[in-house]
């Protein structure tokens with residue numbers, strides 16, 4: 001048995017002359033949270049749909065825990081919340097979740113028990129017997145997440161789970177995802193355009209552009225690769241420190257601190273500490289600026305254009 005829970009090997013998906021996913025290979029380890037990012041039309045949703053088996057690749061192969069993509073065995077361990085979920089007009093929340101549970105292979109009793117549990121967990125008790133089709137966008141996202149979890153999957157695919165939500169609803173969804181990962185040791189593949197939020201959840205980034213894989217690394221490794229060499233410093237007299245360092249480094253003032261760019265961060269740290277000591281200053285902040293996922297994304301895509 002492979003150590004990977006999902007393996008995609010040279011997947012290609014064409015729609016007529018358009019290639020949505022181009023020779024895409026990927027391996028996911030269990031128990032990790034992967035973020036898949038890329039521009040609109042990059043192939044993220046198409047890749048998720050092929051993992052679920054709702055789209056068949058034009059070429060290439062893949063498996064979920066050794067089972068063929070789209071097979072009954074693969075679907076038993078997968079939960080999927082698409083970007084856009086269609087709900088039946090005549091079903092209330094309980095009925096919908098119960099029905100999705102039975103489709104996932106649960107008995108009537110098991111499906112009802114699980115539906116009731118998820119409704120409590122996702123704070124939908126007051127809306128349990130209301131029509132899901134009438135719910136707000138944020139509540140519909142919660143129900144979509146609940147149906148993805150109805151059969152206790154080992155792997156969860158979330159396609160834009162916070163799209164078109166207000167800040168409060170986005171945080172509720174992200175907090176729910178964090179709780180599930182911690183409580184269940186899930187493997188999660190999540191796509192989002194809100195990168196500042198995504199980086200608070202994931203520990204591994206997958207970047208895709210024009211259907212091709214351009215990055216597949218842990219956040220820490222990717223940040224190290226694209227590190228900018230910027231030191232953020234603050235003391236009890238930033239103006240004096242600025243004067244002492246100006247001319248020797250590329251330096252700029254920021255709110256409550258100064259930012260210094262260098263090719264040798266360790267040497268800069270020693271110089272800053274020495275300057276602060278020699279001028280009897282009090283050091284408040286000294287840290288290397290971490291590259292955000294947003295900047296990481298921009299730099300990776302710029303590298304693709306070169």
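Values in this text are rule-based calculations from the coordinates and carry no lab data. Nothing here was measured: the structure is a model prediction, and the numbers come from that model. Positions of Cβ are backbone-derived with ideal geometry, glycine not excepted, and every protein chain shown enters the neighbour counts.
Rounded to two decimals, the Cα radius of gyration of region 228-290 over 2.2 N^0.38 Å is 0.97. Beta bridges from DSSP with both residues in the chain: antiparallel share about 65 percent, rounded to the nearest 5. Rounded, prolate or oblate: which one fits region 6-72, using the alpha carbon gyration tensor with axes a ≥ b ≥ c (rounded when a/c is under 1.5, else prolate when a/b beats b/c, else oblate)? Taking the square roots of the gyration eigenvalues as a ≥ b ≥ c, region 6-72 is oblate. As a rough footprinting exposure proxy, the listed residues 93, 235 were ranked by other beta carbons within 10 Å of their own, and the order from fewest upward is 235, 93. Axis of helix 93-103 versus longest Cα principal axis of the chain: the two differ by about 80°, to the nearest ten degrees. Once both axes come from the Cα atoms, what is the angle between helix 167-184 and the longest principal axis of the chain, in degrees from 0 to 90, rounded to 10? Taking Cα atoms only, the helix is inclined about 80 degrees. Between helix 293-305 and the chain there is an angle of about 90 degrees, using the helix long axis and the longest principal axis of the Cα atoms.
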